[in-house]
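The values are calculated or read from the model by the stated rules, or taken from the named source; none is laboratory data. Given the structure is predicted, the values throughout are model-derived calculations rather than measurements. Neighbour counts run over all protein chains shown; Cβ positions are idealised from the backbone, glycine included. Heads up: the accessible areas ignore ligands, DNA and RNA and are worked out on the full protein's heavy atoms, side chains in. Shrake-Rupley method; radii C 1.70, N 1.55, O 1.52, S 1.80 Å.
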Amino acid sequence: MPYENILVETRGRVGLITLNRPKALNALCVGLIKDLGAALDAFEADDEVGCIVLTGSEKAFAAGADIKEMADKTYMDAYLQDFITVGWQRITTCRKPIIAAVAGYALGGGCEIAMMCDFIIAAENAKFGQPEITIGTIPGSGGTQRLTRFVGKSKAMDMCLTGRQMDAAEAERSGLVSRIVPAADLVDEAVKIADRIAGMSRPAVYMTKEAVNASYETTLQQGIMFERRLFHSTFATEDQKEGMAAFVEKRQPNFKNR
Ligand code: CAA
């Protein structure tokens, strides 16, 4: 399927989506969000893909929602179109893991989209921020909520109230990103990590995502019970038998349900 605003390829069992509106620093216009949703649908349906990497350019992962597209919207436009909702949430409903590989600017909606992914790998030049306050508005796609959960209230307030940017080192220190890699290696490193995940048992991968995500939505006791029920259920899979037998036999596992 031809896309206007993204590039899509597979590398082995990894689906790679590259945001590609260089003239607008990958600003997230309606067309780009539609393309992204369609690419995620296609990878989700493809049994040969086990993990997805979402990246941008070396200068910008994405510089936010498209300001030129939204500048003249009325309240009624925004409310009735459910602006910034339709399409954007597709990332959060994907069952396959999505790694955000961020170089350059991840601002506003760009930072929010990275945070919707399962984890973030940052290049040394990555810069994260929620600058909406500087253009007279506030984050609209989860920035105030997800950033606060990642980095705590003090830093989230600081970033959302001043619009300041966080560099890769601060983002890693604060728990927003899981690893930092040299900019030149970003995509290769992200694909390598994604490939490792794509080699695991798919039911175990899905259950891991469900369990970690549940920790945001529930009490500790309920979360632990949910995790335990999923853990018990893995004993009904061939892959648990294979994984544990391989360990005992000192060989690599060959999971059937990848
Ligand atoms: N929307 C639309 N166009 C954008 C854009 C955006 N978010 N960000 C950059 N662009 C465009 C610029 O208008 C410019 O286009 P022209 O050449 O046609 O003028 C082009 O991309 C290059 O940008 P700059 O010349 O500004 O590049 P720079 O290197 O000087 O600065 C930057 C880079 C600091 C990222 C700066 O572009 C910037 O501040 N961008 C806006 C960031 C922002 O405010 N994002 C939040 C948007 S609101 C939002 O996202 C709401 C939400 O929660 C979902």
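Working from label points 7 Å from Cα in the Cα-to-Cβ sense, the residue 248 to residue 145 distance is 4.5 nm. The residue list 71, 254, 191 was ranked by how far each Cα lies along the charge dipole of the chain toward its positive end, using unit charges on Cβ atoms, and 254 comes out on top. The mean sequence distance of close C-alpha pairs (under 8 Å, at least 6 residues apart), as a share of the length of the chain, puts its relative contact order at 16 percent.
In the range 80-192, what percent of the accessible surface is made up of carbon and sulfur (1.4 Å probe, ligands and nucleic acids excluded)? Mind dumping the intermediate values first?
Numbers: 2590 of 4920 Å².
Of all accessible area on the range 80-192, carbon and sulfur atoms account for 53 percent.
How far, in nm, would the chain grow between residue 74 and residue 210 when pulled straight, counting 0.36 nm per residue and subtracting the alpha carbon separation? Please report the intermediate quantities before stating the final value.
Values: separation 136, 0.36 × 136 = 48.96 nm, distance 3.73 nm.
Full-extension gain reported as 45.2 nm.
Between residue 138 and residue 224, what FRET efficiency follows from the Cβ-Cβ distance if R0 is 30 Å, with the result rounded to 0.05?
Working: r = 35 Å, r/R0 = 1.15.
FRET efficiency, residue 138 to residue 224: 0.30.
Specify whether the C-alpha gyration tensor of the range 201-249 places it in the rounded, prolate or oblate class, a ≥ b ≥ c being the square roots of the eigenvalues: rounded for a/c under 1.5, otherwise prolate if a/b is larger than b/c and oblate if not. It comes out prolate by the Cα gyration axes.
Peptides 69-81, 100-112 ordered by packing proxy, namely the average of other Cβ atoms within 10 Å per residue, highest first: 100-112, 69-81. Scanning the chain for DSSP H helices at least 20 Å long along the axis (C-alpha atoms) with a Kyte-Doolittle mean no lower than 0.5 picks out 30-45. Near residue 149, once Lys and Arg are set to +1 and Asp and Glu to -1 for all other residues with Cβ below 15 Å from its Cβ, the sum equals 0.
Debye-formula intensities of the range 129-173, expressed as log10 I(q)/I(0) at q = 0.16 Å⁻¹, are -0.36 (one equal scatterer per alpha-carbon, no solvent). Amide H contacts for residue 119 (H built 1.01 Å from N in the peptide plane; partners 5 or more residues away or on another chain; cut-off under 5 Å): 98, 100. Considering only 152, 175, 219, the residue lying farthest towards the positive end of the dipole of the chain is 219, judged by Cα position with unit charges set on Cβ.
Label zone (residue 45, point 7 Å along Cα-to-C-beta; backbone nitrogen cut-off 16 Å) within the range 164-198: none. All C-alpha pair distances within the chain, sorted into 10 Å bins from zero, spread as 7, 28, 35, 21, 7, 1, 0 percent across the bins.
Highest mean first, what order results for 21-27, 49-55 on Cβ atoms within 10 Å? List each step's numbers first, then the result.
On the way: 21-27: 18.6, 49-55: 25.0.
So the order, starting with the most tightly packed, is 49-55, 21-27.
Taken about its Cα centre, the chain carries a charge dipole of about 580 debye when Lys and Arg each add +1 at the Cβ and Asp and Glu each add -1 at the Cβ. DSSP beta bridges fully contained in the chain are about 30 percent antiparallel. Could you list which residues have their amide H under 5 Å from that of residue 53, counting only those 5 or more apart in sequence or on another chain, with H placed in the peptide plane? Counting only residues 5 or more places away or on other chains, the set is 15, 16, 17, 99. For a straight C-alpha distance cut-off of 18 angstrom, the lysines reachable from residue 192 (same-chain residues fewer than eight places away being disregarded) are 96.
Would you mind getting the accessible area per residue of the chain, heavy atoms of the protein chains only, 1.4 Å probe, in Å²? Before the final figure, lay out the partial values.
Working: 13790 Å² over 258 residues.
Result: 53 Å² of accessible area for each residue.
May I ask you to derive the FRET efficiency for residue 178 and residue 85 from their Cβ-Cβ distance with R0 = 25 Å, giving the value to the nearest 0.05? Each step should come with its number before you reach the end.
Numbers: r = 27 Å, r/R0 = 1.08.
Computed FRET efficiency for residue 178 and residue 85: 0.40.
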